[in-house]
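Below you'll find the structure, written out as structure tokens, and then a few comments.
The values are calculated or read from the model by the stated rules, or taken from the named source; none is laboratory data. Since the model is a prediction, treat every value here as computed from it, not as a measurement. Cβ coordinates were reconstructed from backbone atoms using ideal geometry, including for glycine residues, and neighbour counts include every protein chain displayed. Accessible surface areas use protein heavy atoms only, side chains included; no ligands, DNA or RNA. Shrake-Rupley method; radii C 1.70, N 1.55, O 1.52, S 1.80 Å.
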Amino acid sequence: MVASTDVLRFDAGLHSYVDVGTGEILKSATQLLVLAGEVDEGFYTEDSADRGRQVHRLTLDYDLGALDVADVVTKYRGYLLAYDALTQALQRPEWTHLEEPFAHPVLRYATTPDRVGNVYRLLSVGEIKSGPYVYPKRRGHPGPHELQTALQAIVMAHRLHTKPELIARWGFYIQADGKFKVQQFVSQADLRRAREIIREFCL
């Protein structure tokens with residue numbers, strides 16, 4: 001699948017972002033976190049990657065209204081039930097962008113937030129996680145999910161003509177047993193560290 005925005009082409013098979021105008025391959029938010037030592041690539045297994053793909057497909061179809069939860073038969077059904085319950089608990093967020101790739105035209109990196117829209121009437125970015133919360137490598141330091149959403153907020157703030165600090169950032173943790181947890185990332189230290197990473201690897 002290849003999805004395009006105004007200036008960006010995302011090839012999901014190669015997981016690469018290409019500036020349509022210049023042909024430049026842009027770094028992704030995940031690549032920036034790896035370069036900065038905030039994410040260990042060895043942490044992700046093929047099983048967890050496959051689970052993530054399947055769960056993201058189910059939750060995307062759910063938000064597109066393309067499936068009826070009662071009719072879904074899959075070993076990942078529990079995650080879908082968890083997402084359904086999470087959606088009800090959040091009073092049905094109003095999503096404007098679903099897994100859509102975006103690039104920052106000045107800072108020259110790209111990202112695909114799982115969800116962009118309004119949660120409790122707050123302009124928000126959200127990440128759907130089928131694995132557990134990943135704790136920071138050291139005390140008092142932002143964790144990878146905090147930094148991922150901070151990098152996304154910086155891109156979306158430019159796109160939406162606002163400040164990253166005004167975008168609420170969420171982690172949506174869904175489990176195979178149908179349970180869920182919602183975590184809001186509120187520390188401004190996340191954005192400060194994200195900007196440090198951008199200065200080091202993008203500018």
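Given a 1.4 Å probe and the protein chains as shown, Thr96 ends up with an accessible area of around 90 Å². Spin-label model, Ala66/Gln91: points 7 Å from Cα along the beta carbon direction are separated by 3.0 nm.
Counting only protein heavy atoms and a probe of 1.4 Å, the accessible surface of the chain is 51% carbon and sulfur.
Projecting label points 7 angstrom from Cα along Cα→Cβ for Ile25 and Tyr133 puts them 3.6 nm apart. Taking all protein chains together, Trp170, Trp95 sort by accessible area into Trp95, Trp170, largest first [probe 1.4 Å]. Mean residue ellipticity, 222 nm, helices only, the chain: the sum of -39500 (n - 2.57) across DSSP H runs of n ≥ 4, divided by residue count and rounded to 500, is -11000 deg cm²/dmol. Rolling a 1.4 Å probe over the protein chains gives Asp47 an accessible area of about 130 Å². Couplings for the range 25-34, taken from phi via the Karplus curve 6.51 cos²θ - 1.76 cosθ + 1.60 with θ = phi - 60°, read 8, 8, 5, 8, 4, 5, 4, 4, 5, 5 Hz in order; Gly and Pro are left as x.
Hey, could you get me the Stokes-Einstein D for the chain, Kirkwood radius over alpha-carbon pairs, 10 °C and 1.306 mPa s, rounded to whole µm² s⁻¹?
91 µm²/s
A 1.4 Å probe run over the chain, with the rest of the protein chains in place, finds 53 Å² accessible per residue.
Once you have the Cα-Cα distance between Leu35 and Thr162, take 0.36 nm times their residue separation minus that, and quote the gain in nm to one decimal.
Working it through step by step, the gained length comes to 43.0 nm.
Placing dummy labels 7 Å off each Cα toward the beta-carbon, the span from His141 to Lys179 is 2.9 nm.
Residues whose amide H falls under 5 Å from that of Leu8, counting only those 5 or more places apart or on a different chain, are Val20, with hydrogens built in the peptide plane. Computed from backbone phi with θ = phi - 60° and the Karplus coefficients 6.51, -1.76 and 1.60, the 3J(HN,Hα) list for the range 187-203 is 6, 6, 4, 4, 5, 4, 5, 4, 5, 4, 5, 4, 4, 6, 10, 10, 9 Hz; x is used for glycine and proline.
Electrostatic tally near Phe10: other residues with Cβ closer than 12 Å to its Cβ, Lys and Arg +1, Asp and Glu -1, net -3.
Of all the options Gln88, Gln54, Gln183, the one that moves most in a Gaussian network model of the chain with Cα springs shorter than 10 angstrom is Gln88.
Counting only heavy atoms of the protein chains and using a 1.4 Å probe, Asp61 has close to 50 Å² of accessible surface. With the Cα gyration tensor of the range 154-197 giving a ≥ b ≥ c as the square roots of its eigenvalues, does the rule (a/c under 1.5 for rounded; else a/b larger than b/c for prolate; else oblate) give rounded, prolate or oblate? Verdict is prolate for the range 154-197. DSSP finds beta bridges in the chain, and of those with both partners inside it, around 75 percent are antiparallel.
Among residues other than Lys179 whose Cβ falls under 14 Å from its Cβ, what is the net charge (Lys/Arg +1, Asp/Glu -1)?
+1
3J(HN,Hα) couplings calculated from phi for the range 167-172 with the Karplus curve 6.51 cos²θ - 1.76 cosθ + 1.60 (θ = phi - 60°) are, in sequence order, 9, 6, 10, 10, x, 10 Hz; Gly and Pro show x.
Ordered by solvent-accessible area of protein heavy atoms (1.4 Å probe), largest first, the residues Leu81, Leu64 come out as Leu64, Leu81. Amide H to amide H distances under 5 Å link Phe185 with Arg169, Trp170, Gly171, where only residues 5 or more positions off or on other chains count and H is placed in the peptide plane.
Every Cα-Cα pair of the range 125-203 was included, and the share exceeding 17 Å stands at 47 percent. Which shape class applies to the range 117-168: rounded if a/c is under 1.5, otherwise prolate when a/b exceeds b/c and oblate if not, where a ≥ b ≥ c are the square roots of the Cα gyration tensor eigenvalues? Prolate shape, in that a/c is at least 1.5 and a/b is the bigger ratio.
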